[in-house]
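Q: Submitted below is the structure of interest, expressed as structure tokens.
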Amino acid sequence: MGRFETMREILRSSRYFKLVCGAGNENAEEVRRLAVVYTLAGANGFDVSAKPEVVSACGEGIDLAYGYAEHFKVEIPVRPYITVSVGMPGDHHVRKAFIIDDCVSCDLCIPVCPTDAIPASLEIIPELCIGCGNCEAACPPKVAAIRYRHNSTELAELLPKCLEAGAENIELHAAVPGDDAILEEWEVVNASQPDNFISMCLDRHHLSNVQLIDRIRAAFAVAGDRTIIQADGVPMSGGSDDHNTTLQAVAIADVIQKDLKDKDRAFRDLPILLSGGTNGKTAQMARLCAVPYQGVSIGTHARGIVKGWVAENGFEHDLEAIGRAFGPAADLVSRSIAS
Ligand code: SF4
Ligand code: SF4
């Protein structure tokens, strides 16, 4: 079975666990260490920033884990898949906002910009803009004076280098308003990886339920059965290991299930990953609410429970330290995937 078919089977059986190494985390050393411990713990996916050297470090960590598998009496039946993420806040590869002449100078966009990229002159500073879309959401709909310049060229150059370094999947963070802009980027992602899954990460911060479903339909029309939808509850909020933190991740998956998968047979097998605010309670919460999911993607919480050991110098060669981190990591993975 090829890598795409193998991943599809993992998703079908709801056994996909992806460790998110950190949006914009370019610390290759840390990514290598996380890859060691979470590969041993049973993760079958890693999400890393779109830097070839970070992708390579993740692959090295996976290789090291294979070398330690016998010592820890674990089997690694499938080599974990490496996903590169593009378009998340802080990623400068994708889009930059600018203001057109229709602007009525209401200044509503200025305070919502997280990076102070909009000065009083209302000429957006491209170097500071992270393309988050907050200004577009704040701009009065009748004016709609925010537009984006797309860096598709840079994206198209970067992604093949990441795939060459060992990545197999690409994830586009698309939780911003403006369908045309996102679909342009999705086309680039789709063309860059025609042989395996690509993932669109969506939340409901900017999108109504109807817009969410429309965007999923548009993404599926481009990538077909290679599409994964990552249901992003509240991004980067999963530090607390409680039910409320993970509530939105489960809720958005529920919306997709009821408004799309249950209604349209074409989407019945669309894989949904729970993410954003995910933690050790996510899978339990989904099961309690009878919300189906094909995988769980955990970042802040998963990194937090091994942080003390992973920070130690030489961690990746220290079997004792790896052993201490292994326990909580393996427990989290086994609680998150279907038994
Ligand atoms: S897209 Fe985000 S970062 Fe860029 S100018 Fe608008 S609010 Fe600021
Ligand atoms: S919110 Fe829109 S209309 Fe108001 S200043 Fe910003 S771009 Fe101009």
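Q: Mind counting the residues in segment 114-154 that are near ligand 1 (Cβ under 7 Å from one of its atoms) and on the phi > 0 side of the Ramachandran plot?
A: 2
Q: While we're looking at this one, here's another question. Residue under question is THR278, and the condition is that it be β-branched (Val, Ile, Thr) and assigned to a loop (DSSP other than H, G, I, E, B); does it hold? Show your work before the answer.
A: Details: β-branched (Val, Ile, Thr): yes; assigned to a loop (DSSP other than H, G, I, E, B): yes.
When the stated conditions are applied, THR278 passes them.
Q: Scanning for something part of a loop (DSSP other than H, G, I, E, B), among the acidic types (Asp, Glu), loosely packed, with under 15 Cβ neighbours inside 10 Å and in the same structural domain as ILE82 (by TED's automatic domain parsing), does segment 256-264 turn up at least one residue? Please lay out each step first, then the result.
A: Residues of segment 256-264 part of a loop (DSSP other than H, G, I, E, B): 262-264.
The next check asks that each one be among the acidic types (Asp, Glu); those that pass are 262, 264.
Next, only the ones that are loosely packed, with under 15 Cβ neighbours inside 10 Å stay: 262, 264.
Still in the running and in the same structural domain as ILE82 (by TED's automatic domain parsing): 262, 264.
Taking every residue of segment 256-264 in turn, at least one turns out to be part of a loop (DSSP other than H, G, I, E, B), among the acidic types (Asp, Glu), loosely packed, with under 15 Cβ neighbours inside 10 Å and in the same structural domain as ILE82 (by TED's automatic domain parsing).
Q: Of all residues being modelled with pLDDT of 95 or more and surrounded by 15 or more Cβ atoms within 10 Å (Cβ to Cβ) in segment 109-121, which is nearest to ligand 2 (Cβ to nearest atom)? Just the residue, please. Lay out the reasoning, then the answer.
A: Quick first cut of segment 109-121, residues modelled with pLDDT of 95 or more only: 109-111, 118-121.
Checking which are surrounded by 15 or more Cβ atoms within 10 Å (Cβ to Cβ) leaves us with 109-110, 118.
Values: CYS109: 3, ILE110: 7, ILE118: 7 Å.
Taking the candidates together, the pick is CYS109.
Q: Follow-up question, since we're still on this one. Is it the case that ALA283 is assigned to a helix (DSSP H, G or I) and either aliphatic (A, V, I, L, M) or crowded, with 23+ Cβ neighbours inside 10 Å (or both)? Give the derivation first.
A: Working: assigned to a helix (DSSP H, G or I): yes; either aliphatic (A, V, I, L, M) or crowded, with 23+ Cβ neighbours inside 10 Å (or both): yes.
In short, yes.
Q: Filter segment 268-279 for residues that are buried (at least 20 other Cβ atoms within 10 Å of the Cβ) and over 16 Å from HIS205 (Cβ atoms) and give the result. Working first, answer last.
A: Step one: of segment 268-279, the residues buried (at least 20 other Cβ atoms within 10 Å of the Cβ) are 270-279.
Selection gives LEU270, PRO271, ILE272, LEU273, LEU274, THR278, ASN279.
Q: Among the candidates ALA35, ALA65, ALA43, single out the residue that is modelled with pLDDT of 95 or more and not in a helix (DSSP H, G or I).
A: Working: ALA35 fails: not in a helix (DSSP H, G or I); ALA65 fails: not in a helix (DSSP H, G or I).
So the residue among ALA35, ALA65, ALA43 that is modelled with pLDDT of 95 or more and not in a helix (DSSP H, G or I) is ALA43.
Q: Right, next: Of ILE252, ILE305, ILE337, which residue is within 18 Å of the chain's Cα centre (by Cα) and within 30 Å of TYR66 (Cβ to Cβ)?
A: Details: ILE252 fails: within 30 Å of TYR66 (Cβ to Cβ); ILE305 fails: within 18 Å of the chain's Cα centre (by Cα).
Exactly one of ILE252, ILE305, ILE337 is within 18 Å of the chain's Cα centre (by Cα) and within 30 Å of TYR66 (Cβ to Cβ), namely ILE337.
Q: Okay, moving on. PRO140 passes all but one of (1) touching a helix residue (DSSP H, G or I) at 6+ places or on another chain (Cβ under 9 Å); (2) within 13 Å of ligand 2 (Cβ to nearest atom); which number fails?
A: (1)
Q: Between ILE182, ILE82, ILE110, ILE170, which is assigned to a loop (DSSP other than H, G, I, E, B) and among the hydrophobic types (A, V, I, L, M, F, W, C)? Reasoning before the result, please.
A: Working: ILE182 fails: assigned to a loop (DSSP other than H, G, I, E, B); ILE82 fails: assigned to a loop (DSSP other than H, G, I, E, B); ILE170 fails: assigned to a loop (DSSP other than H, G, I, E, B).
Every option except ILE110 fails the conditions.
Q: Here's another thing I want to ask about it. Would you mind telling me which numbered condition in (1) among the charged types (D, E, K, R); (2) within 22 Å of the chain's Cα centre (by Cα); (3) within 14 Å of ligand 2 (Cβ to nearest atom) LYS161 fails?
A: Of the numbered conditions (1) among the charged types (D, E, K, R); (2) within 22 Å of the chain's Cα centre (by Cα); (3) within 14 Å of ligand 2 (Cβ to nearest atom), the odd one out for LYS161 is (3).
The values are calculated or read from the model by the stated rules, or taken from the named source; none is laboratory data. As the structure is a prediction and not an experimental result, all values here were calculated from the model. Don't worry about glycine lacking a Cβ; one is built from the backbone with ideal geometry, like all the others, and counts go over all protein chains shown.
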